[in-house]
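Shown next, in structure tokens, is the structure this report addresses.
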Amino acid sequence: MIKNKKLIISIFLSLILLSFSSCSFFSDNSLNSKYGQDANYFIGLRLLSEGKEKEARTKFLLCVKKGTDYCSRRSLEELSNIGSVQERIKYCEKLISSFNDKESMLFCVRQFKEFGEINKIITITDGIDIGNQYDETIRIRLESLQLRNDSRFDEELYLWFTDKSISYEHYKFFRDSYSHTQEEENYSPEEFLFNYRILLYKKDYLQCFVKSAKLLSYIESNEITGKTQIISDLGKAFLYGNNNYNQNATYFENLAKNQKNNQIAFYYWFYAGRMIDKSGINYTKALVYYNNAIECSENAIQKDNALWYLLKMKSKFEFNKLVVQFSDYVEMWDDSTYFDDFFDELINSLFLNGDWPLFYEIYKKIDGWASKETVARFAYLSARLIDLGFIKVENGDEIKKGLFEAALNYGTDFYYRLLSAYYLNLSENELESHILRRMGDNKKEEDLSLEILLKGYCDFGFPDKLYDELEKVDKSKISTECIMNISLFLNNCSTEANEYGQQSIRIASKEILNTSDDFSIDYLKLVYPKIFSNYVDTYSEKYDINKSTIFALIRSESFFDPDVISHAGAIGLTQLMDFTGEDIARKLHKEEYSLTNPEDNIEFGTYYLSEMKRRCDDSILQAFFSYNAGITRVRRWLKSSLQEMGQKKDIPGDLFLETIPYEETREYGRKLVSASLLYEWIYSETPKDDFTKMIEYLMY
């Protein structure tokens with residue numbers, strides 16, 4: 001039976017030859033033959049949107065009975081939203097019995113809460129594992145137990161507040177539903193603990209520190225169980241709520257020494273190290289504390305966390321010893337990507353101190369241990385420093401070539417791969433092969449019924465369903481081809497609503513980074529689309545700036561959303577502040593304009609970037625940095641970098657980028673360089689030549 005079902009699904013998928021040329025749908029008859037019983041779900045959605053609830057219910061019921069898993073599930077959810085309360089309850093119960101997972105559980109408890117079905121909430125959530133359910137589900141269950149004065153309430157509430165990190169759902173329950181003694185001096189130990197954890201969630205560290213002695217007394221008297229979440233909270237209260245770091249660290253050291261439970265001792269040692277670290281003195285004691293924390297760690301996350309802080313401390317105070325010991329440390333970590341930001345800061349420090357030979361030495365020690373992207377960065381920078389004579393090695397040309405090849409092949413991001421391709425002078429075919437090479441290692445195990453659902457949303461014309469659906473499901477169960485077709489469909493729907501264009505780019509961008517499949521130029525066009533090309537072409541020519549850099553700027557700043565406003569108040573496609581817009585309007589003699597108008601914003605942003613370029617001695621890379629951080633800072637950084645590298649006038653753009661002290665600006669530069677190069681390569685009729693010219697335009 002299962003084999004027959006899989007065969008049917010496979011036949012469905014082979015017949016689904018989607019047309020992504022528009023946002024509309026085909027006739028029902030043509031789609032019925034492709035989707036079989038699953039078509040009933042999509043037809044039901046359309047009937048429901050037309051107000052034909054009775055006809056829609058008939059279609060949903062047919063899909064529940066004979067459809068594939070995902071369409072059947074979504075049909076049950078729709079049935080749970082229409083009809084009488086009793087009918088909706090019936091289909092909720094069928095949903096939870098058919099698909100008993102945390103998603104269906106949350107859906108049903110929300111529905112039952114709306115209906116006032118308290119007993120049904122309690123019944124379906126009986127026996128659930130608090131650690132493996134959504135906090136909202138737990139909150140609704142506890143509210144129901146409290147309303148029924150159920151004897152299980154106190155025990156389950158205590159478990160929820162002590163076994164998990166405090167979330168908004170905990171806070172909401174405490175604020176809106178939890179009944180406790182009003183006077184703090186009369187709190188029970190449990191009430192005191194709940195209040196303490198909520199205060200910490202609200203970052204009231206001072207109050208938590210003041211109350212910590214009482215909490216510790218409850219733990220010592222066994223009135224409260226000292227679970228790891230609570231000890232971690234204590235550590236944060238001491239670290240952020242009081243500045244007697246050395247005294248508090250010694251106190252935590254004593255607690256750790258008297259603790260037989262390694263899980264608890266880990267947090268005492270770890271926060272003792274953090275306190276000494278924050279004090280800025282007696283770093284050797286902090287190293288001892290971090291080492292002790294590592295020895296007590298009982299999972300990879302704890303160990304990597306303590307090791308990260310230990311490496312940060314050693315890089316500040318025992319740098320030369322750290323370089324010698326790197327081989328030992330790299331074998332200790334579990335998640336190599338966790339340390340990427342450590343290596344990012346390390347690279348910046350190496351440039352600041354002019355420790356050129358250490359780039360190559362560290363590369364050799366971390367090769368095979370650090371993340372692929374970190375290894376690629378060290379390989380590329382070692383090669384460049386050999387090329388420029390900062391690092392002296394025998395057989396320099398051969399080693400340099402090998403390092404560029406390592407950066408090209410290891411890189412999981414475009415920046416170092418593209419620059420390495422330039423220095424290796426790859427042929428046109430080689431360049432294309434490496435640009436389109438897979439970037440991730442995530443193997444797919446496609447769920448064919450899930451792909452039917454997603455493709456059906458496209459064929460039947462429901463773009464509004466796709467992005468939320470993709471956010472809910474496991475994307476490792478969806479083929480790259482299916483995801484990119486969804487991106488294409490949403491791209492074609494962007495004429496109906498701008499948000500579909502941004503959704504298209506986000507979906508395609510995430511998939512390109514994670515897929516274990518090679519991809520096509522057509523896929524890259526979805527990641528780097530040319531939206532508003534008429535305005536970009538016009539104003540890039542008017543202000544004499546390469547149009548690929550303008551597309552890169554708009555994509556990086558706003559994902560082509562003309563209405564977006566940042567937290568800082570930057571507006572529109574090129575993210576200009578109001579006062580910047582006013583200044584540009586005055587210079588361009590424009591009395592009427594709107595920064596949310598695509599044409600106005602693109603003209604202003606192009607003009608502004610061209611002005612930054614002119615003021616930065618015609619350097620587009622420095623103009624990018626100035627756009628992000630301000631030209632005064634960039635000039636100061638450039639002066640400092642010239643001194644660090646012993647240069648009088650010029651510094652290669654790729655090396656200048658690494659010397660910038662702000663990680664945000666460094667990453668901004670990498671993104672814009674990569675995007676500019678890819679726009680130039682993707683849309684060029686002579687890609688190899690234009691790619692080479694663009695590198696030189698950006699970096700020299």
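Since every read-out is calculated from the coordinates, none of them should be taken as a lab result. Everything numeric here is computed off the predicted structure, so don't read it as measured data. Here the Cβ is made from the backbone with ideal geometry for all residues, glycine too, and neighbour counts use every protein chain on show.
Of note:
- Eigen-decomposition of the gyration tensor built on the alpha-carbon atoms of the range 447-509 gives equivalent ellipsoid semi-axes of 18, 12, 10 angstrom, largest listed first.
- Between ARG148 and SER533, the simple label model (points 7 Å from Cα in the Cβ direction) yields a spacing of 6.2 nm.
- Proximity of backbone amide H atoms, modeled 1.01 Å from N, is registered between THR515 and MET439, GLY440 at under 5 Å, excluding neighbours fewer than 5 places apart on the same chain.
- At R0 = 51 Å, FRET efficiency that the Cβ-Cβ distance of GLU298 and ASN353 yields, to 0.05: 0.85
- Fully extended contour minus Cα-Cα distance, from HIS180 to PHE115, at 0.36 nm per residue: 20.7 nm
- Charge dipole magnitude, Cβ of K and R +1, D and E -1 - the range 27-179, Cα centre, debye nearest 20: 620 debye
- Residues LYS102 and SER188, FRET efficiency given R0 of 30 Å [Cβ-Cβ distance, rounded to 0.05]: 0.45
- Binned Cα-Cα distances of the range 228-332, short to long, each 5 Å bin given as a whole percent: 2, 14, 25, 25, 19, 10, 5, 0
- Rounded, prolate or oblate (a/c below 1.5 giving rounded, otherwise prolate when a/b exceeds b/c) for the range 103-186 by Cα gyration tensor: prolate
- Between amide H atoms placed 1.01 Å from N, distances below 5 Å from LEU576 occur with ILE571, all of them 5 or more places distant or on a separate chain.
- Remark: the ASP341-SER433 segment gains 30.2 nm on full extension, using 0.36 nm per residue and subtracting the alpha carbon distance.
- Cβ-placed point charges (K, R +1; D, E -1), dipole of the chain about Cα centre in debye, nearest 20: 560 debye
- Where Cα atoms sit under 22 Å apart: lysine pairs in the range 391-504 separated by 8 or more or lying on different chains: 16
- Hull volume per residue, based on the alpha-carbon atoms of the range 533-699 and their convex hull, is 112 Å³.
- Of all lysines in the structure, the ones whose alpha carbon falls short of 16 Å from that of LYS90, not counting any fewer than 8 places away in one chain, are LYS65, LYS113, LYS120.
- Once you divide the Cα radius of gyration of the chain by 2.2 N^0.38 Å, the number left is 1.12.
- Positive-end residue, the range 533-699 charge dipole about Cα centroid, Cβ charges, pick of GLY669, PHE604, PRO562: GLY669
- Within the chain, helix-based [θ] at 222 nm, where runs of 4 or more DSSP H residues each add -39,500 (n - 2.57), nearest 500: -22000 deg cm²/dmol
- Two-site FRET efficiency, SER221 against MET577, from Cβ-Cβ distance with R₀ of 60 Å, rounded to 0.05: 0.55
- Neighbour-limited loop hits for GluC sites (Glu not before Pro), the range 27-100 (at most 13 other Cβ within 10 Å; DSSP other than H, G, I, E, B): GLU50
- Overall, the range 314-399 carries a charge dipole of about 260 debye about its Cα centre when +1 sits on the Cβ of Lys and Arg and -1 on the Cβ of Asp and Glu, all other atoms neutral.
- Fully extending the segment from GLU446 to SER509, taken as 0.36 nm per residue of separation minus the present Cα-Cα distance, adds 20.7 nm.
- Across LYS172/LYS211; LYS164/LYS312; LYS547/LYS613; LYS202/LYS236; LYS278/LYS316, pairs whose alpha-carbon gap is larger than 18 Å: LYS172/LYS211; LYS164/LYS312
- As a size descriptor, the averaged projected area of the C-alpha convex hull of the range 27-179 was calculated at 10.3 nm².
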